[in-house]
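What follows draws every value from the coordinates through simple rules; no lab data is involved. Being a predicted model, the structure only gives us computed values, none of them experimental. With ideal geometry, Cβ positions are generated from the backbone for all residues, glycine too; neighbour counts draw on all protein chains shown.
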Amino acid sequence: MREAAGPALRPLSPFPVPFPMTDGVVLAFDFGVRRIGVAIGNSVTQEARPLATVDAAGSVGPWAAIGKLIDDWQPARLVVGVPLHPDGTPHEMTARCERFARQLGGRFRLPVERVDERYSSAAATGAVDVDAAAAALILQQWFDESEAKGRNA
């Protein structure tokens, strides 16, 4: 059963979905300087749920914890939320999120999709784990947009 995700985040993302969706687990990330929210879903049910929050500011950084999640869940692809201003222009965190997405793809050799994640953290306010809940909203948005674009074949 799909969890209530609150208000719709925004219209379809300006980021294309370059890879056709294949059956399998998908992990999504809500990148932050201090914490990274992680969500999980699969392309069959197309439902997302919060999974974990990773400490991004620790002395070893987030890579060991992210690597463990990837090893444990064996995702077919990854999704990263990229913030933009309401008018679609880059946000102060846009470049950092893009870099994080590139690093994920390079380190783990998985396809990495990007989703316009304006307002995901604000929409997740009140959740027990706001960061993981924001990641679940990002992933659910990606599933919904992928289905709307007919890329779930």
Proxy reagent accessibility, fewest Cβ within 10 Å first, across 116, 55, 131: 55, 116, 131
Under 14 Å, Cβ to Cβ, from residue 106 - net charge with Lys/Arg +1 and Asp/Glu -1: +3
Cut-off 10 Å between beta-carbons: net charge of the residues surrounding residue 124, Lys and Arg +1, Asp and Glu -1: -3
